[in-house]
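As structure tokens, the structure follows; a few thoughts come after it.
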Amino acid sequence: MAKQTIIKANVLYDGKTRQENRKIVIEGSTIIEVSAAGQVKADYEGIITPGFLDAHSHIGMFREGEPQSEAEGNDISGQIMPLSDPLNSVYFDDRAFRDAVEFGVLYSCIVPGSGNLIGGKARVIRNFARNRNEALLADYGYKMALGYNPRSTTEWKGERPNTRMGVYQLLEKRLDEVLTKKAKLDLELVRKSHEAGRTAEKEKLAAVDKKQLLDTAQAEHRLGFSGEDLALLDLLGGQKTVKVHVHKNDDVYYLIDLVRKYGFKATADHLGDVNDKAVFDALAKAGIPIVYGPLGSLAYKVELKNEDYRNCALLMKSKAEYGLMTDHPVILSAALRDSLKFFLIQGMSETAAINLITSGNAKILGLQDRLGSIAPGMTASLLAWNHEPLSLAAFPKMVMAEGNVIRK
């Protein structure tokens, strides 16, 4: 039997509720028991929360101590680049990783920047990883950008419209092209499959030979698509999520129309300028969760002229499902917890606020069966705090990541 670690939670924020005097038993990397503590002898003790997840970040791509010219958040070589993998532009010696872990942010969903319509993949990584080989947790989806950012990059390479109507026309044209190609090649595959069946029947081929004919038809079908085509079809297929950078009300409504037209799965990321509860409710009705933030940064462009911490109250009153981001380095990943103050000011309970960056972000990232909660069967990624976690002086005195104590 694997060695067990016992943690006594004087207070436990388990990702759903706040409880007191609980015992957490960990075996390997998994929580196997949560129960009344009694007089238990514990290896660690404190106020316990799940590890935090940052739902939208560029950590390791815009790096501490390096000039902007060496940053790798955006690639200027094309407007639509779904094959770009942000993990290939991360250096794990970025000090921001250490700081994030010290303040309890154990996981980040990293994405390319928003200068391109489709910037690349969205990946969930371990902030405590030593290198890229240990980092990848989940292949989450893709990054798309609407609004000002993709039309502000006219000096970059590729086709670069300078208006939103031009940018959106370019996006839909490319999506329509790949769907049209798929429809034509699918028809050709059906024809070849029927032909293979008739050949097999006519020549009385064995089942293995018939299967070979069908496999050849399938291979030829796949060869009709470029790698970019296949990535766009993956994006459109609904199995992965498209994280869509969007700030203003009208661009949000365009996103809703876009999802309705093409049927892909999306989250609306940022929404900094949205100051109308009806917009949040429209996203809820469309089944599009929100990754909100960053909060407390400079409103550095006209697109953010309505940005205001009071907008949190509108989000809270809406029917929307939402999580929280730092958009590191816009807000440092280590300060994810600090952004919760804007929700607390508007009346959110401390338990609900902690849930926002634990179980809430885990659900949006599709990791709710592994992370974000403290319960039997969940991964043992958790924090022991020296004070109530939302106290200004609170600091994790123990950080456990997937069963391993990585700081104490």
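Computed with the Debye formula from one identical point scatterer per Cα of segment 243-298, without solvent, the log10 of I(q)/I(0) at q = 0.12 Å⁻¹ comes to -0.23. The rule of thumb for compact globular proteins, 2.2 N^0.38 Å, goes into the C-alpha radius of gyration of segment 1-104 1.57 times.
Fewest-first ordering of Met398, Met316 by other beta carbons within 10 Å of each residue's beta carbon gives Met316, Met398. For the chain, the antiparallel share of DSSP beta bridges with both residues in that region comes to about 60%. The three principal axes of the C-alpha atoms in segment 61-209 carry coordinate ranges of 70, 41, 22 Å, sorted with the longest axis first. Averaged over residues, the count of other Cβ atoms within 10 Å places the peptides 93-99, 238-244 in the sequence 238-244, 93-99, highest first. Computed packing ranks the peptides 275-281, 163-169 as 275-281, 163-169, most packed first, by mean other Cβ atoms within 10 Å.
Helix content alone sets the calculated 222 nm mean residue ellipticity of the chain: runs of n ≥ 4 DSSP H residues at -39500 (n - 2.57) each, divided across all residues, give -9500 deg cm²/dmol.
Computed over the chain, relative contact order equals 20 percent, with contacts defined as Cα pairs under 8 Å that lie 6+ residues apart. Normalised by residue count, segment 243-375 yields a Cα convex hull volume of 108 Å³ per residue.
The fewest-to-most ranking of Ile80, Ile125, Ile24 by surrounding Cβ atoms within 10 Å reads Ile80, Ile125, Ile24. Taking all Cα-Cα distances within segment 119-195, those exceeding 21 Å account for 56%.
What helices does the chain hold that run 15 Å or longer along their axis, going by alpha-carbon atoms, with a Kyte-Doolittle average of -0.5 or more, using DSSP H for the helix calls?
Flagged H segments are 249-262.
Remark: for residue pairs Lys317/Lys363; Lys16/Lys121; Lys243/Lys285, the C-alpha separation exceeds 22 Å in Lys16/Lys121. In whole Å, what is the distance between the alpha-carbon centres of segment 247-274 and segment 88-166? The distance from the Cα centre of segment 247-274 to that of segment 88-166 comes to 19 Å. For the listed peptides 36-42, 297-303, 308-314, 86-92, a ranking on the average number of other beta carbons within 10 Å per residue, highest first, reads 86-92, 308-314, 297-303, 36-42.
Computed on the Cα atoms alone, the convex hull of segment 169-231 gives a volume of 62 cubic angstrom per residue. Which whole-percent values make up P(r) of segment 50-113 when all C-alpha to C-alpha distances are grouped in 5 Å steps starting at zero? Once binned at 5 Å, the Cα pair distances of segment 50-113 give 4, 18, 26, 24, 15, 8, 4, 1.
Mean-square fluctuation check for the chain, GNM, Cα pairs under 10 Å: which of Phe225, Phe52, Phe264 is largest? Fluctuation is largest for Phe225. In terms of Cα atoms, the Rg and Dmax of the chain work out to 23.8, 80 Å. D by Stokes-Einstein for segment 198-280, Kirkwood Rh over Cα pairs, 10 °C, 1.306 mPa s: 97 µm²/s.
We did not get these values from a lab; they are worked out from the coordinates using the rules stated. Computed from a prediction, not measured in an experiment: that's the story for all the values here. Cβ sites come from the backbone with ideal geometry, for glycine too, and all protein chains shown count toward neighbours.
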